[in-house]
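The values are calculated or read from the model by the stated rules, or taken from the named source; none is laboratory data. Everything quoted here is computed from the prediction, not taken from an experiment. FYI the Cβ positions are ideal-geometry reconstructions off the backbone, even for glycines, and counts take in every protein chain you see.
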Amino acid sequence: MKYIWQSEKFPQFTFQKDKIHTLVEKFALELGEANGMISSFREDMKQEVFTEIMLSEALKTSEIEGEFFSREEVMSSLKVNLGLKDFHQNTKNKKANAIAALMIEIQKKDTNPLSEKQILHWHQILMGNEKRINAGQFRTGQEPMQVVSGPIGNFTIHYEAPPSKDLPYLIPQFLEWYHRFSEKGWGRIGEAMLFAAITHLYFETLHPFEDGNGRIGRALAEKALANKLETPIFISISKAIEKDKNRYYSELKKAQRDLQITDWIIWFFEVLQNALTDTKKVVLFTLKKTNFFDRFKEQFNERQLKAIHKMMDEGESGFKGGMTAKKYIAINKTSKASATRDLQHLAEIRAFIPTGAGRSVSYHLNLEG
């Protein structure tokens, strides 16, 4: 046997329970803390956290596959698709629109069990504009589906998926496993973590599409987690994976060769933990933004408010290089005199913190209060 799908025991995954108990306990504790923080938020703040997490997932699941979109493009599409009344700008980037639409589709509350039709629908959303891909269809070619790297003629085969002709049997088998999965002895949170980890590995092993398997597979992991927890989960698995995607591919490659998947589960649980840490940062950033507007909301004109929202949209990582007069003029299509006057006012009321002097001065949001 070279790959786990060739084993007569597939998909009977096994793992050493004693090595992962502490990881479950740690995640459960921090998930409770994060949910407690979010539950105290107003609905608009909860929506903001939810949108930021979806944005991270959309950007990072694409970056893992080598596609890069701007935050502004994907955020625009997310807000339009979510029907936020105060946001009307849409992006012309069809791929950015597609990944944003997929994120929203996956997060929809759906009492129906996961089905082949639903997975194909997700793929149709994701790949609808790709002419070279049979969007919304499983692969059918006779040639092997291989994951390779390196130059043509001297490439390395990292993985070979089951033949296309076997998918009509393997996909229903996967769905039956999905619906029957049970690890009640781990508690609701532990069971959900295991379910997400194995769901992703199982789907990536089947590799049923010509393209888009990784993005659909990571979406399925989040869906599995939410299904077992019976509530939406505010984390971005892809953001945590993208920080060390070489390790991701290494762990996946190893797990696809042995049904004993303890190492895969340990790694995946670490990813979930890192994703939860990122969520807590988003929650704290949202709280800081809310406090910021509570302090200064009556002191901004329309131009200032537009610039500040532009800075806020960059997330907790901040507005690269800070706000400058040149950027302010470009954002508001205003005069240099108005820009200088507005920026000086923001510095005087301590909404902005200036750095540098003269022509080199830049401004950063004062979120600490």
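Here are the numbers:
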read-out: Qualifying position, being among the acidic types (Asp, Glu), within 29 Å of residue 97 (Cβ to Cβ) and either assigned by TED's automatic domain parsing to the domain that holds residue 256 or modelled with pLDDT under 75 (or both), among 130, 160, 143; value: 130
read-out: Boolean, residue 218 is buried (at least 17 other Cβ atoms within 10 Å of the Cβ) and part of a loop (DSSP other than H, G, I, E, B); value: no
read-out: Matching residues, the stretch 2-24, being loosely packed, with under 13 Cβ neighbours inside 10 Å, assigned to a loop (DSSP other than H, G, I, E, B) and touching a residue at least 24 places away in the same chain (Cβ under 8 Å); value: 2, 9, 12, 16
read-out: Those residues of the stretch 342-351 which are part of a helix (DSSP H, G or I) and under 37 Å from the mean Cα position of the chain (by Cα), in sequence order; value: 342, 343, 346, 347
read-out: Residue 204 vs. criteria part of a loop (DSSP other than H, G, I, E, B), under 26 Å from the mean Cα position of the chain (by Cα) and on the phi < 0 side of the Ramachandran plot; value: no
read-out: Qualifying residue in the stretch 35-56 (condition: under 27 Å from residue 158 (Cβ atoms), out of contact with any strand residue (DSSP E or B) (no Cβ under 6 Å at 6 or more places or on another chain) and crowded, with 18+ Cβ neighbours inside 10 Å); value: yes
read-out: Matching residues, the stretch 6-59, being of a type in the set (Val, Ile, Thr) and modelled with pLDDT of 90 or more; value: 14, 20, 22, 24
read-out: Of residues in the stretch 309-330 being among the hydrophobic types (A, V, I, L, M, F, W, C) and at pLDDT 90 or above, the one surrounded by the most Cβ atoms within 10 Å (Cβ to Cβ); value: 323
read-out: Conditions (1) at pLDDT 85 or above; (2) surrounded by 13 or more Cβ atoms within 10 Å (Cβ to Cβ); (3) more than 30 Å from residue 14 (Cα to Cα); (4) touching a helix residue (DSSP H, G or I) at 6+ places or on another chain (Cβ under 7 Å); number of the one not met by residue 69; value: (1)
read-out: 3 or more residues of a type outside the set (D, E, K, R) and closer than 30 Å to residue 23 by Cβ: qualifying helices (runs of 4 or more DSSP H) within the stretch 256-341; value: 262-296
